[in-house]
Amino acid sequence: MKLQHLLPTLLVLGLAACSNNDGDDGAPLGTDAAVISTRAPDYSSGAVSVAELATPFAAQNNLAATNSDIIVRGAGDHYFLVERGTGFVKRYSATAPGTQVYRYSTETAAEPGSNPHDIVVASPTKAYVLRYGSGKVWIVNPSAATEAAFKIGEIDLSAYDADGVPEMEDGLIKNGRLYIALQRLESFAAKKSGYVAVIDVATNLEINTGAGGATLKGIELPLRNPMRLVSNPANGDILVSSDGGYDNFAPLYEGGIARINTSTFATTLLVDDGTVAAHPRGQITDMDLVSGTRGYFIGSTGFGNDQTLYRFNPATSDAPVAVAGLGPVGLSAVSAAPDGNVWVGRTEGAAPGITVLGFAAGTETVVKARIDTVLTPMNIDFITVPTAP
């Protein structure tokens, strides 16, 4: 189904979320599409691309023009565009993906630099906005008809950092719990271990995991500067990826990929990013799982076209394997699609876009060499068009 046919179909069918936030929303099966945040090469602007997941992978580009510091999240019959530095959450309908439904602020007079980094949807009337520049998570109604009705509560996580701002970066919901990655930076430097706070979605109260020392309720991580949380579909574990952070703009190599056992809250370091002296795969900048035995991460050894895609097995201690043809090149994001393919963001200035990978006979296959997104892709999420009854 071509994208130009897909979007009118949404007028009748609507969408159900298939988001990387792993919200427990019971989404029905149907025709899938991707939503992608993009930026100009010079970071002067940003936009959104929407693409189909099957041949010919048709895309609509340059939708929802905005700034360059953004992410997108698919949810229900719409997606959210989070404008980080400017402090806004925008909602767009899948039937008109370039037409804004609302634009609500995440600022207050007392907190003008809220810097929202993620929105995690629990239900059509409840979501959580992770505010990187604040110590308080906002509980919001994502279906609110007015900005005054948007915020419905808050959760205070200021105890996780001495300055009251624990740098909330990423979140997901699994089995009635909200997991929030906290970077706990000091003047932008990753000088101490990251944490994951765990919230009971039913009560909005923080759970005391017993894995955070004497004073903190969350889970202390064996790494610094956590960037992404992913649920293992095989056993419910949470995987946390981290680039290890910086100090005076120098990489610290205190990162990797850690596993959280969601029954005991115990942590294990699965992939170590090395040391300042020896870091063969570089910093881990993004990660996702296809299954309980196959995942992918991006290792970066520099700021140019110096990234490599690696395959790893979260169930074993086997060494990660570099994916042929995808390194060293310019890579920005990796995301597992609902059909099992892997979408990889390409940042080469002359030909930005998405490479779609399959997997057969123990190796990757190229399903689509490049989906043209015009601008440089940053993050990738997925939405599902329900089938007609």
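Values in this text are rule-based calculations from the coordinates and carry no lab data. Keep in mind the model is a prediction, meaning the values are calculated, not measured. We place every Cβ from the backbone using ideal geometry, glycine too, and count neighbours over all the protein chains shown.
Taking a 23 Å limit on the Cα-Cα distance, which of the listed pairs Lys151/Lys217; Lys136/Lys217; Lys126/Lys191; Lys90/Lys151 fall beyond it?
Lys151/Lys217; Lys126/Lys191, as the Cα separations exceed 23 Å there.
Considering all projection directions equally, how large on average is the shadow of the alpha-carbon convex hull of the stretch 3-386, in square nanometres?
Over every viewing direction, the Cα hull of the stretch 3-386 projects on average to 17.7 nm².
Dipole of the stretch 3-386 (Lys/Arg Cβ +1, Asp/Glu Cβ -1, origin at the Cα centre): which of Asn313, Leu172, Ala369 lies farthest to the positive side?
The residue sitting most towards the positive pole is Ala369.
Check each of the chymotrypsin sites (Phe, Trp or Tyr not before Pro) in the stretch 277-377 and keep only those in coil by DSSP with at most 16 other C-beta atoms within 10 angstrom; list them in order.
Of the chymotrypsin sites (Phe, Trp or Tyr not before Pro), the ones in loops of the stretch 277-377 whose Cβ has at most 16 other Cβ atoms within 10 Å are Phe303.
Which three extents, in angstrom, do the Cα atoms of the stretch 71-197 have along their principal axes, listed largest first?
45, 35, 24
What are the chymotrypsin sites (Phe, Trp or Tyr not before Pro) within the stretch 169-238 that DSSP puts in a loop, where the Cβ has at most 15 other Cβ atoms within 10 Å?
Counting only loop positions with at most 15 other Cβ atoms within 10 Å, the chymotrypsin sites (Phe, Trp or Tyr not before Pro) in the stretch 169-238 are Phe188.
Checking the cross-link filter: which lysines have an alpha carbon closer than 29 Å to that of Lys368, excluding same-chain neighbours under 8 positions apart?
Lys2
Per 0.36 nm of contour for each residue apart, how much would the distance between Glu186 and Thr293 grow if the chain were fully extended, relative to their Cα-Cα spacing?
Roughly 34.9 nm would be gained on extension.
Return, ordered by residue number, the residues of the stretch 295-339 whose backbone nitrogen is under 13 Å from a label point located 7 Å along Cα→Cβ of Phe249.
303
So what's the stretch 26-103 giving for Cα Rg divided by 2.2 N^0.38 Å, two decimals?
1.10
Suppose the chain between Ser123 and Ile152 were pulled fully straight at 0.36 nm per residue; how much longer would it get relative to their current alpha carbon spacing?
9.1 nm
Given points 7 Å out from each Cα along the Cα-Cβ axis, report the Thr215 to Ala40 separation in nanometres with one decimal.
Calculated label separation equals 4.5 nm.
Once fully extended, how much extra length lies between Glu111 and Thr99, figured as 0.36 nm per residue of separation less the alpha-carbon to alpha-carbon distance?
Extra length from Glu111 to Thr99 when fully extended: 1.5 nm.
Of the residues Gly153, Gly85, Gly46, which exhibits the maximal mean-square fluctuation in a Gaussian network model of the chain defined by a 10 Å Cα contact cut-off?
Fluctuation is largest for Gly153.
Please work out the Cα center distance from the stretch 329-356 to the stretch 100-116, rounded to the nearest Å.
One Cα centre to the other: 30 Å.
So what's the back-of-envelope 222 nm ellipticity for the chain, counting only DSSP H runs of four-plus at -39500 (n - 2.57) apiece and dividing by all residues, rounded to 500?
Computed mean residue ellipticity for the chain: -1000 deg cm²/dmol.
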